[in-house]
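The values are calculated or read from the model by the stated rules, or taken from the named source; none is laboratory data. Just so it is clear, the structure is predicted and the values come from calculations on it, not from any experiment. Heads up, the Cβs are rebuilt from the backbone with ideal geometry, glycines too, and the neighbour counts pull from every protein chain shown.
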Amino acid sequence: MRIMMKVLFPAEPANAKFKNGTFNQTLKSILDEIRPEAVYCLADSGMRAAYIFLNLKEPSQIPAVAEPFFLAFNAKIEASPAMTLEDLMKAGPDIEKAVKKYA
């Protein structure tokens, strides 16, 4: 199950970690543990953010990848299912079937 996890880092906890020099080290430690497919860092809603793409075997793994961010950064997290282009192409027949029935 591929998910996109949006991690928002509130300013005060993130600033404190930058000031004491542990932000990058802590982030790297978490990412090494959860082994994402891709990570993009940006600003979102006026906050530092990371969009993290993970391929999980089952939904019960979500807490294991989210909790480190909650605990280390007091982060706000959103997780959404995500598909590759290949996944979307496989869904084509089901989309066509829904269009014929409901559109």
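Listed by first and then second residue, the pairs with beta-carbon distance under 7 Å, at least 6 apart or on different chains, first residue in the stretch 78-97 and more than 14 Å from Met1 (Cα to Cα), second at pLDDT 95 or above and surrounded by 10 or more Cβ atoms within 10 Å (Cβ to Cβ), are Glu78/Lys6. Looking at the stretch 64-74, is at least one residue more than 16 Å from the chain's Cα centre (by Cα), touching a residue at least 24 places away in the same chain (Cβ under 8 Å), part of a helix (DSSP H, G or I) and surrounded by 13 or more Cβ atoms within 10 Å (Cβ to Cβ)? Within the stretch 64-74 (the criterion being more than 16 Å from the chain's Cα centre (by Cα), touching a residue at least 24 places away in the same chain (Cβ under 8 Å), part of a helix (DSSP H, G or I) and surrounded by 13 or more Cβ atoms within 10 Å (Cβ to Cβ)), the answer is no, since none of the residues qualifies.
With respect to (1) modelled with pLDDT under 95; (2) of a type outside the set (Lys, Arg); (3) not in a helix (DSSP H, G or I), the lone exception for Ala79 is condition (1). Considering the conditions (1) within 16 Å of Pro81 (Cα to Cα); (2) touching a residue at least 12 places away in the same chain (Cβ under 8 Å), Ser60 is excluded by exactly one of them, (2).
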